[in-house]
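As structure tokens, the structure follows; a few thoughts come after it.
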Amino acid sequence: MQFFLDGFRAGDPDVKPEAVRPTSDSDVVDVLVIGHGPAGALIAAQLSEFPGITTRLLERRETPMIQGQADGVNCRSIEMLNAFGLADRLNREGCFVNETAFWGANAAGTGIVRTGRVRDAEDGISEYRHVLLNQARLHEYLAEKMGNSPTRLQPEFGMEVIDLKLPDNPADLSQPDSVVVRQLNLPGQPETVIKAKYVIGCDGARSTVREALGLKLIGVPQFHGWGVLDVLATTDFPDIRRKVIIQAPGGGLAILPREGGYMTRLYVDLGDFEPGDNPRDRVSKDDIVAEAKRLFAPYTFEPKEIPWWSIYEVWQRVTERFDDVPDAERGKRSPRVFTAGDACHTHSAKIGGGMNLSMQDTFNLGWKLAAVLEGRSPVSLLDTYNDERMPLAHEFIEFDKVWAPMVDGKAPDGTAFSTEQLRNRFQEVEHYTAGVATHYPAALLVGKDTHQRLANGFTVGMRFHSAEVTRLADALRLHLGHTHEADGRWRLYAFGDAAPITSDSSRLRALCEWLVDSPDSPIRRYTAAGADIDAVFDVRGILQQSHNELEPEDLPSLLLPIKGSLGLNDYEKAFTRGVNDGDKDIFDVREIDRSQGALVIVRPDQYVANILPLDAYKELSDFFAGFMIPVK
């Protein structure tokens, strides 16, 4: 973490200096976020870091969430949340999932027996492990993040959205959207109209925003119910602190250990039900407990306290689009209203994708809105949200349709599916459960894989898979990906070629000099006069030499830049291979071409956008010219 760039400032460095902004009408904003769930809280936290962007976050609930709902934060989401400075808090407080145990019916059919255990995620899939934590705590983390931001953004509770109206000509960006709201905790208060350039509906499966756009969640209910319990209990079941999938005689049970070391979440199979039969009308908390006790046999299970419980039905649905642009108008205008999370896709809880997929939706959207509102990209950039996220939702739904019945003990064709088969399948699909399967195809923001061979460990279109390096200035060993912050900047990770950085033949040195000096350089074309040289593009150099073989003075100016109002040097731009004796370095681990090196271009949402040779200056310039606006 870096601070004091513009001078010493006492106190908590996480509390950013408050931005001085002109007084304005709070009912006229750049972005209105509706819904303080994970998707809404994340994009609000991201946008709150931009002093020139006005954002409001509304939530219908009259108080913050305290407990219940989602509980799993997968590996990919923790990678993402590390960019918000939250990974350490999640890892400190959450419960790590290390192994998944599988149980099935015993030979006599009278109880359950363990059939095997597997690691929850393969080694090396991420530097992080899957964590279980109350969703409400994640909301609190993100609310604290936005409250400490330059804009001091705060969620507004008890705010109900009544209606949403687009301007008569949605293509006219000078005319804002109109959102009618009322404050629930002030009876008799008149309705208020909020004017917003952009509206983001993160308001759940019963989304008012989605309905105002005339969109519907399309899909078929599975007519299958599950009871959910957060419970403090005594038991002699040996795997109670592991993730567990049980296929018991006549039912199923899933167990998730929760934070704190004592609480457990149970997902209890309530079986199929007939259309029109609402299990919430006939199943009580005591019924769920009784069924759980039956499924635990021959082991005992005695609840002592149940802080939260619920019943959910399995739905696998997705809307026909994720924004307000009808098919007939797509390409003729750009969107003004977006939906994210459960507002545009719902699925079962069997793979813990809901909260994670929702946050990935808005992490994709947030940096694009900031780029448009700050004038760095044209409004057409916003078309890519629907183009990128909707196909992923469909892919996820199709996967869920296959996976959810397997957890219930059924193959996709309805035949019995054993715990042994489930265990094997679980290991095959762990890239989905870890959240790292997303692969964006070549398009405006993702280049072709023409030069993939230069860095085979960083797949173009997939998330940047971090690995360890050593920082040159102080010999600190750290993950390269952890330098990435949720600040809307592009990352250019330049992996050095065989020639030392001190050599005139070094391609890496030549690239750094071109980026600083050439009028065709993206840094020169898109960075405002007077701004720090890394205000838009954060360039990091990774050298093949040991840190003992180099000095900071050996670096080109771009890797030891002068920044801030005091003109201080940034010593955190250059890294070396970062290994102990006998270890593989990042060039080996991520298959970087040691002879030629490679330039890995990473989007603000941590996905690899392109891989280029270090001397592919025109290709680099042309790539950014496709979606960025030169400064005047």
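Every residue, every condition in (1) open to solvent by 10 Å² or more (accessible area, probe 1.4 Å); (2) out of contact with any Ser or Thr (no Cβ under 7 Å at 6 or more places or on another chain); (3) not charged (D, E, K, R), yes or no:
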position	(1), (2), (3)
Met359	no, no, yes
Trp367	no, yes, yes
Leu373	yes, yes, yes
Thr384	yes, yes, yes
Glu388	yes, yes, no
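Name the residues in the range 471-492 that are out of contact with any Leu (no Cβ under 7 Å at 6 or more places or on another chain) and either within 18 Å of Gln545 (Cα to Cα) or among the hydrophobic types (A, V, I, L, M, F, W, C) (or both), would you?
Scanning the range 471-492 gives Ala473, Asp474, Ala475, Leu476, Arg477, Leu478, His479, Leu480, Ala486, Trp490.
Looking only at residues in the range 460-500 that are touching an Asp or Glu at 6+ places or on another chain (Cβ under 8 Å) and among the hydroxyl-bearing types (Ser, Thr, Tyr), which one is surrounded by the fewest Cβ atoms within 10 Å (Cβ to Cβ)?
In this case the residue turns out to be Thr483.
Tell me, which strands (runs of 3 or more DSSP E) lie completely within the range 1-118 with 2 or more residues that are on the phi > 0 side of the Ramachandran plot, open to solvent by 20 Å² or more (accessible area, probe 1.4 Å) and in contact (Cβ under 8 Å) with a residue 24 or more places away in the chain?
It comes to none.
So, in the range 159-172, how many residues would count as being surrounded by fewer than 16 Cβ atoms within 10 Å (Cβ to Cβ) and either hydrophobic (A, V, I, L, M, F, W, C) or at positive phi (or both)?
Selection size over the range 159-172: 2.
Taking the condition of being part of a helix (DSSP H, G or I) and modelled with pLDDT under 95, how many residues in the range 343-357 meet it?
The total comes to 4.
I'd like the full set of residues that are within 25 Å of the chain's Cα centre (by Cα), assigned to a strand (DSSP E or B), surrounded by 23 or more Cβ atoms within 10 Å (Cβ to Cβ) and among the hydrophobic types (A, V, I, L, M, F, W, C), limited to the range 197-234.
Val199, Ile200, listed by residue number.
Between a first residue in the range 472-487 that is within 27 Å of Pro150 (Cα to Cα) and a second residue that is basic (Lys, Arg) and open to solvent by less than 40 Å² (accessible area, probe 1.4 Å), which pairs have beta carbons less than 8 Å apart while being 6 or more apart in sequence or on different chains?
Leu480/Arg540; Thr483/Arg491; Thr483/Arg540; His484/Arg491
Could you please tell me which pairs satisfy a Cβ distance under 7 Å, a separation of 6+ or placement on different chains, a first residue in the range 554-572 that is over 18 Å from Thr483 (Cβ atoms), and a second residue that is open to solvent by less than 40 Å² (accessible area, probe 1.4 Å) and part of a loop (DSSP other than H, G, I, E, B)?
The qualifying pairs are Asp554/Ile501; Leu566/Gly7.
Only one of (1) free of Cβ contacts under 8 Å to residues at least 24 places away in the same chain; (2) in contact with a Lys or Arg (Cβ under 9 Å, 6 or more places away or on another chain); (3) of a type in the set (Gly, Ala, Ser) fails for Ser505. Which number is that?
Among (1) free of Cβ contacts under 8 Å to residues at least 24 places away in the same chain; (2) in contact with a Lys or Arg (Cβ under 9 Å, 6 or more places away or on another chain); (3) of a type in the set (Gly, Ala, Ser), the lone unmet condition for Ser505 is (2).
Residue-wise test of (1) exposed (fewer than 15 other Cβ atoms within 10 Å of the Cβ); (2) touching a Leu at 6+ places or on another chain (Cβ under 9 Å).
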position: Gly124; (1), (2): yes, no
position: Leu132; (1), (2): no, yes
position: Leu142; (1), (2): no, yes
position: Asn148; (1), (2): no, no
position: Pro176; (1), (2): no, no
position: Val179; (1), (2): no, yes
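Scan the range 181-196 for residues that are touching a residue at least 12 places away in the same chain (Cβ under 8 Å) and either open to solvent by 80 Å² or more (accessible area, probe 1.4 Å) or of a type in the set (Gly, Ala, Ser) (or both) and jot them down.
Selection gives Arg182, Glu191, Ala196.
What number of residues within the range 294-315 are surrounded by 14 or more Cβ atoms within 10 Å (Cβ to Cβ) and more than 30 Å from His345 (Cα to Cα)?
Residues in the range 294-315 being surrounded by 14 or more Cβ atoms within 10 Å (Cβ to Cβ) and more than 30 Å from His345 (Cα to Cα): 7 in total.
Would you point out which residue out of Glu591, Glu551 is acidic (Asp, Glu) and either touching a His at 6+ places or on another chain (Cβ under 7 Å) or farther than 18 Å from Phe458 by Cβ (or both)?
Exactly one residue qualifies, and that residue is Glu551.
Does Val283 fit the bill of being closer than 28 Å to Gly111 by Cβ and not hydroxyl-bearing (Ser, Thr, Tyr)?
Yes.
Considering only the range 541-552, I want to know if a residue exists there that is within 17 Å of Glu468 (Cβ to Cβ), open to solvent by less than 40 Å² (accessible area, probe 1.4 Å), at pLDDT 95 or above and under 28 Å from the mean Cα position of the chain (by Cα).
The answer is yes, given that some residue of the range 541-552 is within 17 Å of Glu468 (Cβ to Cβ), open to solvent by less than 40 Å² (accessible area, probe 1.4 Å), at pLDDT 95 or above and under 28 Å from the mean Cα position of the chain (by Cα).
Counting only residues that are under 28 Å from the mean Cα position of the chain (by Cα) and in contact (Cβ under 8 Å) with a residue 60 or more places away in the chain, how many does the range 508-540 have?
Result for the range 508-540: 5.
The values are calculated or read from the model by the stated rules, or taken from the named source; none is laboratory data. Everything numeric here is computed off the predicted structure, so don't read it as measured data. Positions of Cβ are backbone-derived with ideal geometry, glycine not excepted, and every protein chain shown enters the neighbour counts. Accessible surface areas use protein heavy atoms only, side chains included; no ligands, DNA or RNA. Shrake-Rupley method; radii C 1.70, N 1.55, O 1.52, S 1.80 Å.
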